[in-house]
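Asker: My questions will all concern the structure given below.
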Amino acid sequence: MPYDFDNTPDRRGTQSLKWDVKDNELPMWVADMDFATAPQITEALISRAKHGIYAYSIVPDEWYDAIIGWWKRRHNYSIDKSWLQFCTGVVPAISCLVQRLTNVGDNVAVLTPVYDIFFHSIENFGRHTLECQLVYNDGKYSLDFDALEKALCNPLTTMLILCNPHNPTGTVWTKEQLKTIGALCKKHGVVVLSDEIHCDLTLPNVSYTPFASASEDCAEISITCISASKAFNLAGLQSAAVFVPNKRLRETVVRGLNSVEVAEPNCFAVHGTVAAFNHGEQWLDDLKNYLAENRRVAAEFIKKNIPTARLVEADATYLLWIDCSVFTDNSSELCEFIRAKSGLILSEGAQYRGNGKSFVRMNIACSRDRMKDGLNRLKDGIKAYINRK
């Protein structure tokens, strides 16, 4: 029996980052979902809570087995147990490893527009962001390999942070694209730190390729960050994993994560992940179908009712990346205006750099009725913005 995603819990007054807003406001920005997680996960966490002792925890074999089994079943990729390291989150891992594997003053390359926290992880520690902008043409994004190699061949470029699948554009990189990235990075001595947190949120008939699986080069030079948090709405459990096939690189990664104390779980982190990957498969499949229909409905609505905007084609994530370049190149101003006029809260594309200044990002991981409310607010907000004096 399919799970019910039309009825979502009320998140107001629950210390939610997303929902700590005015009563008339509708937050559709930060990338978490308004759906309750799979009931099997809730049951596992309740069972753990009933024990009554919330002391120091270890990472048991069940955690390794759950991740290995999931990647084999869902992504046809074999992860060796020795490659895996627990971490309290993908962002803590990225920030730690930028510090551990690069030097102050180094360049860290990114494919922009891209998740804005990457810039924080780079620049807060004295490194330089080296943008390699994606090519945008006719509603789609693609890679510019000549520009990428130019960035990688700079002697001060020591790391590439890759988003696979890509946030905010929703692009799923092909195996051939990943192989080429791997070959270029190997050629120029650049480590790839691959954020694959959105990998389980592709469209139902679309599969993603783990970067490390694309080629031997990719496996040799890569560190991959994964988590159940996006797909199962578990970000608050602070649970992720890092896997590194290359033994020498792995030892550096493990030492780095341990040195900043982000390699030990809280007492619920392991239980949530194990329950998700062992028992959440059907729930996730139903979720993906629901999100795919949300995306279809949204695309149809925007095309019919907001002709001045264009939805970028995407194969992954629950995020809409909306091109507003026909009427603005100031997404910050646009988002402020829409919020003041309609109460709809979006992510301004400018924060993702690249060509993002003409885009907004909208989270549709919510009930269809709530999404339609958001789309109508978007329509009214854009109309008022265009017609403003």
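Asker: Give me the 1.4 Å probe accessible area per residue for the chain, excluding ligands and nucleic acids, in Å².
Answerer: 44
Asker: What net charge is computed for the residues neighbouring GLN238, neighbours being all others with C-beta under 14 Å from the C-beta of GLN238, Lys and Arg scored +1, Asp and Glu -1?
Answerer: -2
Asker: Same structure again: Note down the relative contact order for the chain as a percent, whole number, built from C-alpha pairs under 8 angstrom at least six residues apart.
Answerer: Relative contact order comes out at 24 percent.
Asker: Could you order peptides 17-26, 212-221 by the average number of other Cβ atoms within 10 Å of their residues, highest first?
Answerer: So the peptides 17-26, 212-221, ranked by packing, come out 212-221, 17-26.
Asker: Another question, then. Provide the descending list of Cα extents for the range 190-241 along its principal axes, expressed in whole angstroms.
Answerer: Extents along the principal axes: 33, 29, 12 Å.
Asker: Arrange the residues GLU333, GLU196 by how much accessible surface each exposes, largest first, with a 1.4 angstrom probe.
Answerer: Accessible-area ranking of GLU333, GLU196, largest first: GLU333, GLU196.
Asker: Taking N as the number of residues in the range 96-226, what value does Rg over Cα atoms divided by 2.2 N^0.38 Å take?
Answerer: 0.98
Asker: What FRET efficiency, computed as 1/(1 + (r/R0)^6) with R0 = 51 Å and r the Cβ-Cβ distance, is obtained for GLN282 and ASN24, rounded to the nearest 0.05?
Answerer: 0.90
Asker: Could you tally the net charge around GLU62, taking each other residue with its Cβ under 15 Å from the Cβ of GLU62, Lys/Arg +1 and Asp/Glu -1?
Answerer: 0
Asker: Once the Cβ-Cβ distance between ASN387 and ALA36 is put in as r, and R0 is 41 Å, what FRET efficiency do you end up with, to the nearest 0.05?
Answerer: Efficiency at R0 = 41 Å is approximately 0.55.
Asker: With an 8 Å cut-off on Cα pairs and a minimum separation of 6 or more residues, tell me the relative contact order of the range 152-198 in percent.
Answerer: Dividing the mean separation by the residue count of the range 152-198 yields 56 percent.
Asker: Take peptides 137-143, 48-54 and line them up by average Cβ neighbours within 10 Å, highest first, as a rough protection proxy.
Answerer: 137-143, 48-54
Asker: If each of GLU336 and GLU220 carries a label point 7 Å out from its Cα toward its Cβ, how far apart are those two points in nm?
Answerer: Label-label distance for GLU336 and GLU220, simple model: 5.1 nm.
Asker: Take the Cβ-Cβ distance between LYS72 and ASN376 as r, set R0 to 41 Å, and report the resulting FRET efficiency rounded to the nearest 0.05.
Answerer: It comes out at approximately 0.40.
Asker: Subtracting the Cα-Cα distance from 0.36 nm times the residue separation, let me have the gained length for SER57 to ASN266 in nm, one decimal.
Answerer: 74.6 nm
Asker: Over the alpha carbons of the range 177-283, what is the largest minus smallest coordinate on each principal axis, giving the biggest first in Å?
Answerer: Dimensions of the range 177-283 along the principal axes of its Cα atoms: 41, 40, 18 Å.
Asker: How much of the accessible area of the chain, in percent, comes from carbon and sulfur atoms when a 1.4 Å probe is used?
Answerer: 48
Asker: Using only alpha carbon pairs under 8 Å that are at least six residues apart, calculate the relative contact order of the range 97-211 and give it in whole percent.
Answerer: Relative contact order here is 26 percent.
Asker: May I pose another question? What are the radius of gyration and Dmax of the range 313-389, computed over its Cα atoms and given in Å?
Answerer: 12.1, 38
Asker: What is the Cα centroid distance between the range 175-195 and the range 347-382, reported in whole angstrom?
Answerer: 32
Asker: Another question about this same structure. For PHE119, PHE301, give me the order by solvent-accessible area with a 1.4 Å probe, most accessible first, ignoring ligands, DNA and RNA.
Answerer: Sorted descending by solvent-accessible area, the residues read PHE301, PHE119.
Asker: With a ≥ b ≥ c taken as the square roots of the eigenvalues of the C-alpha gyration tensor of the range 61-151, please select rounded if a/c is under 1.5 and otherwise prolate if a/b is larger than b/c or oblate if it is not?
Answerer: oblate
Asker: What nm distance separates the two modelled labels at ARG12 and ASP369, each placed 7 Å from Cα along Cα→Cβ?
Answerer: 1.5
Asker: Rounded to whole Å, give me the distance from the Cα center of the range 27-52 to that of the range 202-257.
Answerer: 22
Asker: Compute, for MET33, the solvent-accessible surface of its heavy atoms (probe 1.4 Å) with the complete set of protein chains present, and express it in square angstrom to the nearest 10.
Answerer: My reading of the accessible area for MET33 is about 0 Å².
Asker: So, one more: What is the packing order of peptides 312-325, 244-257, 336-349, taking the mean over residues of other C-beta atoms within 10 Å and listing the highest first?
Answerer: 312-325, 336-349, 244-257
Asker: Right, here's the next one. With the Cα gyration tensor of the range 152-200 in hand, give its eigenvalues times 5 under a square root as the equivalent ellipsoid semi-axes, listed largest first in whole angstrom.
Answerer: 21, 12, 8
Asker: Would you mind computing the Rg to Rh ratio of the chain from its alpha-carbon coordinates, Kirkwood style for Rh?
Answerer: Taking Rh as the inverse mean 1/r over Cα pairs, Rg/Rh reads 0.96.
The values are calculated or read from the model by the stated rules, or taken from the named source; none is laboratory data. Small disclaimer: the values here were computed from a predicted structure and weren't measured. Counting neighbours? That spans all protein chains shown, and the Cβs are built from the backbone with ideal geometry, glycine included. Note: accessible area is taken over every heavy atom of the protein model, side chains too, but ligands, DNA and RNA are not part of it. Shrake-Rupley method; radii C 1.70, N 1.55, O 1.52, S 1.80 Å.
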